[in-house]
Amino acid sequence: MSKKPTSNVPAPSPAPSPVALPGRLTAAAVLTALEGLALAGLGVYMLYVGIAGDPDSPQQAETGGVTLLALAALPLIAARGLRLGRRWSRGPALITQLMAMPVAWTLWTTGGAMVAAAVALALTAVAVGALLVNPTATDALGIGPGEQTR
């Protein structure tokens with residue numbers, strides 16, 4: 001009878017399960033991601049108009065589109081970090097909300113159909129800001145007095 005040689009290599013351990021995040025932090029991540037996707041969509045639209053459309057200034061439309069795509073990276077990266085429970089992601093997410101407020105004001109003063117966009121943007125920015133400074137979210141991210149770094 002021949003025995004099969006046994007290996008001393010341990011079996012791979014199962015992947016660690018993701019940390020359960022509070023609903024407030026998940027909501028903040030989702031809303032921040034939606035803001036990033038909206039910026040990216042507007043950037044793609046501006047690029048399309050600059051390349052295939054007939055804008056007054058194709059160069060300005062293309063530059064604006066590329067700029068919006070670059071700006072969309074901040075909330076998208078922050079949203080991913082929030083979803084993964086990374087403490088560093090709170091800063092970029094809050095910066096996104098602070099940048100959204102002047103944009104909402106500009107849309108508001110434009111009037112017309114932009115008023116609805118201004119209200120939606122301002123409400124989203126205030127909601128995400130409130131969700132991110134909530135003690136439940138800060139505790140989940142390990143932010144606060146005497147907390148260890150993550």
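Okay, here's what the table says:
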{"read-out": "Projected label distance in nm at residue 106 and residue 60, using a 7 Å step from Cα toward the beta-carbon", "value": "1.3"}
{"read-out": "Kirkwood-Stokes translational diffusion coefficient of the range 21-105, alpha-carbon pairs, 25 °C, 0.890 mPa s, µm²/s", "value": "182"}
{"read-out": "Size of charge dipole - the range 27-119 - debye, nearest 20, with Cβ of Lys, Arg +1 and Asp, Glu -1, no other charges", "value": "700"}
{"read-out": "The range 22-75 and the range 94-125: distance between their alpha carbon centers, rounded to Å", "value": "15"}
{"read-out": "Percent carbon-and-sulfur accessible area, the range 13-150, ignoring ligands, DNA and RNA, probe 1.4 Å", "value": "69"}
{"read-out": "Protection proxy ranking of 27-33, 117-123 - average other beta-carbon atoms within 10 Å, highest first", "value": "27-33, 117-123"}
{"read-out": "Theoretical gain in end-to-end length, residue 30 to residue 86 [0.36 nm per residue, Cα-Cα removed]", "value": "18.7 nm"}
{"read-out": "Dimensionless Rg ratio for the range 52-150, taking C-alpha atoms and the 2.2 N^0.38 Å reference", "value": "1.35"}
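The values are calculated or read from the model by the stated rules, or taken from the named source; none is laboratory data. For clarity, every value in this text was computed on a predicted model and none was experimentally measured. Note that we place each Cβ from the backbone using ideal geometry, even for glycine, and neighbour counts take in every protein chain shown. Heads up: the accessible areas ignore ligands, DNA and RNA and are worked out on the full protein's heavy atoms, side chains in. Shrake-Rupley method; radii C 1.70, N 1.55, O 1.52, S 1.80 Å.
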